[in-house]
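The values are calculated or read from the model by the stated rules, or taken from the named source; none is laboratory data. The model shown is predicted, which means the values in this text are computed figures rather than measured ones. So basically every Cβ, Gly included, is an ideal-geometry build from the backbone, and we count neighbours across all protein chains shown.
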Amino acid sequence: MTLGMFDWSSHIRQRLASTAPSQAGDDLLLPGFTAEQSRAYRQHFPAEPIPAAVLVPLVERESGLTVLLTQRATQLKNHAGQISFPGGRIESTDDSARTAALREAQEEIGLEPHFVSIAGYLPDHIVISGFRVTPVVGFVQPGFELLVDAVEVANTFEVPLAHIFDPANHHARLRRVVGGGEVELRDIAYGELTIWGATAGMLLTLYRLCAVQ
């Protein structure tokens, strides 16, 4: 069996079926870290992180699932030029992380909510900029048309999920010091692009959750 032939849609739905947005702090993750590594550095988490949500859009193409990603505009104050998911802070008008993720996806790239079926949630991730991010995983039906907000997004593109889930594409980068310790992080290479940071960390969390032995 190859990664491309596996029925990832059914498998991911099954693995996420009983998930809900994180409540307690026990399952908080640092992007790219395992649960065990994250617990070791919990004392370095921000005391009051800002709630945020991102949509992890899995597009159901005939050739297989793809992940819809954005490249942030270069003039932004935070995370300029980085590859990311559509998303942002949870506003007072949002009744849930799901609502926030769908709203942000519509505002940033014009993805209309009726094309998205929410499958579940990954554990919240704490990012260095002080946000506590809830990754909301959704399956996206083809037929959508994107309208990019050029103020926030420079570009959108899709990466085959089989490529992201292939360990051969997970490349170690320089260790960084976190609270006095060293942890080797991994990026995901795709052609001339490199998916790194929080986005790579969340994709690796999805990969670990859905890993098939």
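For this structure, a couple of remarks:
- When the test is whether a residue is in contact (Cβ under 8 Å) with a residue 60 or more places away in the chain and under 17 Å from PRO31 (Cα atoms), PRO46 passes it.
- Among the strands (runs of 3 or more DSSP E) confined to segment 87-167, the ones with at least 3 residues that are surrounded by 17 or more Cβ atoms within 10 Å (Cβ to Cβ) and among the β-branched types (Val, Ile, Thr) are located at 131-140, 153-160.
- Whichever residue in segment 156-181 is among the charged types (D, E, K, R) and modelled with pLDDT of 65 or more and, among such residues, is farthest from HIS11 (Cα to Cα): ARG173
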